[in-house]
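This report refers to the structure that appears directly beneath it.
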Amino acid sequence: MTTSIDPTRALAPRFALALEAEFGAEHRDVDPLLQWSDRADLQANCALGLAKRIGEKNPRSVAERLVAKLDASDIVERFEIAGPGFINITIKPEWLASQLSSRLGDPRMGIAKKSAPEVIVIDYSSPNVAKEMHVGHLRSTVIGDALALVLEWQGHSVHRQNHVGDWGTPFGMLIEHLLDLGETRAVEELGVGELNGFYQAARAKFNESDAFKDRARKRVVALQAGDKETLRLWKILVDESASYFATVYKKLDVSLQHEHIAGESFYNPWLQSVVEELEEKKLSELSDGAVCVFPPGFVSKEKKPLPLIVQKSDEGFGYAATDLAAIRYRTQTLKATRMLYVVGAPQAQHFAMVFAVAKMAGWLAAPARAEHVAFGSVLGADKKVFRTRSGDSVRLVDLIDASYDRALEVVNENSAHIPEGERSAIAKAVGNAAIKYADLSSDRVKDYVFDLDRMVQPTGDTGVYLLYAHARSRSILRKAEADAGVTVPAAGSRMVIEHPAEKRLVLQLSKLESVLDEVAATLAPHKLCAYLFDLSVHFNKFWDQCPVIKSEGDTRATRVALVAATADALKLGLSLLGISAPDRM
């Protein structure tokens, strides 16, 4: 019988066999409800529910019968029945040692790719052309990227989709403003990231000049009609903005690339066919001249049916039409079975209605499903939405640069022994770890306070603390080799787990696969952050209590192996959050 380094996974099939043997095949599927416990290593809580299921009044008796049939002597040191029927489980140190040994040097930590991978589309970041990326884009970009990295690492086929706002009525005024500036000057402004100024100047002229407003409206008509010169000017705006977005993504070290852009313009050719198909299926109706769908269950404050407007009365298309076209494309062309929309919580009702209409139209049918990955806001020290002193949105690039500058101060204070050039690279990693971990370690549905001074600290629950734990583990390995000629043992080497801190550390290492599965299922990266923080805490306690280099024989080999496994787990887990971990700090 094959086992997993995670004892909960190794024991689950043993419980299934025992349940069948003692209570019958119809009870084989009972969940043993295995969970980590402070009273033992694990606890199985299935006896109470099973007692009700079979009509037994004494769940403790059920637990005793189940334990008697459990064949797990190779894994379990002892079972103890507690309270009304809780099964406390102590894992054999020998089993943990063998599992640790068997996976040494495996970059996947003994975790196999999924046997039934899905095609997953992740819609995230989505800035607007000719508008600055601001702090509001941080959460979508960082959360979406972490989910893409985790799901891809598990073996799923992941399509990143950057649904940029690159079409619609604002482009009339933007193109006319570009012409007023001249192409060369406009490209210069956009190329250095002066997107806010460019957009605001265009908007000001549109609001103040009727002549400019008339030009802008005519330009929109020309754009929608496919006028070649207008499309050429529009492409300048799109390309320069995309180039600027790429520099921001590179600074933030996220995996989004130019080829992942699939903006509003991408779906524009199919919007009319979306309307026509909804009409053919008798799902839409005219309401005040607009083509609408009224999905069941959605009502206004006045308890009236709420419409999803697909085509406006002026025959223009709204966001709903584009989102419906995107779902149809993603399920029918990309063959997606899971679609994730990493967009702020205020858009919850919009996406719920879009998903409902897509199901009505047959574009979102099982096994395909769509999920809104909602998130809260980034707050300032005043607990209000994070803004500059003038009340403007904080530019994302300014936030990244500020984190780097503050990180460089911390690195210079703590790592003076490292050459200056290397400290700069470390500071970039520290700055990004500070920003990303602060964002990802908070439950995404909640708001969080952006406090850069706290985020760059090497102590407490911060990304920098994890980086230092990883760097410490690598330092121990270097020192072991340099001072004692001790290298990481090969897979299959003899291991001994004797000290309680050793056991706690290897048990924490064993949880990684379950944690990643939970992140993938719940779309909650903070669970991986919590795991990595706990791993770092366990590692630092182990390091304090268990001498590595000064120990001898199998004990030293085991402790070196634990240090190496911790280093690998930290590096892997951080990489799945989009955080690079330097080997020294």
task = Of the conditions (1) farther than 24 Å from residue 36 by Cα; (2) without any contact (Cβ under 8 Å) to a residue 40 or more places away in the chain; (3) open to solvent by less than 40 Å² (accessible area, probe 1.4 Å); (4) in a helix (DSSP H, G or I), residue 476 clears all except one; give me its number.
result = (2)
request  = Starting from residues that are within 17 Å of residue 521 (Cβ to Cβ) and in a loop (DSSP other than H, G, I, E, B), keep the ones in region 337-367 and report whichever is farthest from the chain's Cα centre (by Cα).
outcome  = 367
Failed criterion for residue 117 (all others in (1) open to solvent by 60 Å² or more (accessible area, probe 1.4 Å); (2) under 19 Å from residue 17 (Cα atoms) hold) = (2)
task = Could you please find all residues in region 370-386 being of a type outside the set (Asp, Glu), exposed (fewer than 15 other Cβ atoms within 10 Å of the Cβ) and without any contact (Cβ under 8 Å) to a residue 60 or more places away in the chain?
result = 384, 385
request  = Please work out which one of (1) in contact with a strand residue (DSSP E or B) (Cβ under 9 Å, 6 or more places away or on another chain); (2) under 26 Å from residue 149 (Cα atoms); (3) assigned to a loop (DSSP other than H, G, I, E, B) is the condition residue 439 fails and give its number.
outcome  = (3)
request  = Being under 28 Å from residue 503 (Cα atoms), assigned to a loop (DSSP other than H, G, I, E, B) and not charged (D, E, K, R) is the filter here, so list the residues in region 34-83 that pass it.
outcome  = 37, 40, 45, 46, 70, 72, 73, 75, 83
Total residues in region 516-527, condition open to solvent by less than 20 Å² (accessible area, probe 1.4 Å) and either without any contact (Cβ under 8 Å) to a residue 12 or more places away in the chain or on the phi < 0 side of the Ramachandran plot (or both) = 5
task = Take residue 207 and decide whether it is modelled with pLDDT under 90 and in a helix (DSSP H, G or I).
result = no
message = With the requirement that a residue be within 30 Å of the chain's Cα centre (by Cα) and open to solvent by 60 Å² or more (accessible area, probe 1.4 Å), what does region 32-50 give you?
response = 33, 35, 36, 38
key: Residue check for residue 113: farther than 25 Å from residue 580 by Cβ and either in a loop (DSSP other than H, G, I, E, B) or without any contact (Cβ under 8 Å) to a residue 60 or more places away in the chain (or both)   = no
remark   = Restricted to region 406-454 and to residues being hydroxyl-bearing (Ser, Thr, Tyr) and within 24 Å of residue 519 (Cβ to Cβ), the residue surrounded by the most Cβ atoms within 10 Å (Cβ to Cβ) is 437
query = Going through region 54-91 one residue at a time, which ones are surrounded by 16 or more Cβ atoms within 10 Å (Cβ to Cβ), farther than 19 Å from residue 21 by Cα and either among the charged types (D, E, K, R) or out of contact with any helix residue (DSSP H, G or I) (no Cβ under 9 Å at 6 or more places or on another chain) (or both)?
reply = 88, 90
inquiry  = Just to check your reading of the model, which residue among 11, 17 is closer than 30 Å to residue 101 by Cβ, assigned to a helix (DSSP H, G or I) and open to solvent by less than 20 Å² (accessible area, probe 1.4 Å)?
reply    = 11
request  = Could you grab the pairs with beta carbons closer than 9 Å, sequence gap of 6+ or different chains, first residue in region 259-273 and among the charged types (D, E, K, R), second one in a helix (DSSP H, G or I)?
outcome  = 264/319; 264/322
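Tell me, which residue of region 387-405 that is over 25 Å from the mean Cα position of the chain (by Cα) and hydroxyl-bearing (Ser, Thr, Tyr) is surrounded by the fewest Cβ atoms within 10 Å (Cβ to Cβ)? Walk me through it before giving the result.
Kept after step one, since they are over 25 Å from the mean Cα position of the chain (by Cα), are these residues of region 387-405: 388-392, 405.
Retained after the next criterion (residues that are hydroxyl-bearing (Ser, Thr, Tyr)): 388, 390.
Values: 388: 13, 390: 5.
It comes out as 390.
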message = Could you check region 528-554 and list, in sequence order, the residues that are in a helix (DSSP H, G or I), polar (S, T, N, Q) and open to solvent by less than 50 Å² (accessible area, probe 1.4 Å)?
response = 536, 540
inquiry  = Can you say whether residue 107 is touching a strand residue (DSSP E or B) at 6+ places or on another chain (Cβ under 9 Å), open to solvent by 70 Å² or more (accessible area, probe 1.4 Å) and either assigned to a loop (DSSP other than H, G, I, E, B) or under 30 Å from residue 249 (Cα atoms) (or both), as far as the supplied structure shows?
reply    = no
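The values are calculated or read from the model by the stated rules, or taken from the named source; none is laboratory data. All figures in this text were calculated on a predicted structure; none of them were measured in a lab. Cβ atoms come from the backbone with ideal geometry, glycine included; neighbour counts cover every protein chain shown. In case anyone asks, the SASA skips ligands and DNA or RNA and just uses the protein heavy atoms, side chains included. Shrake-Rupley method; radii C 1.70, N 1.55, O 1.52, S 1.80 Å.
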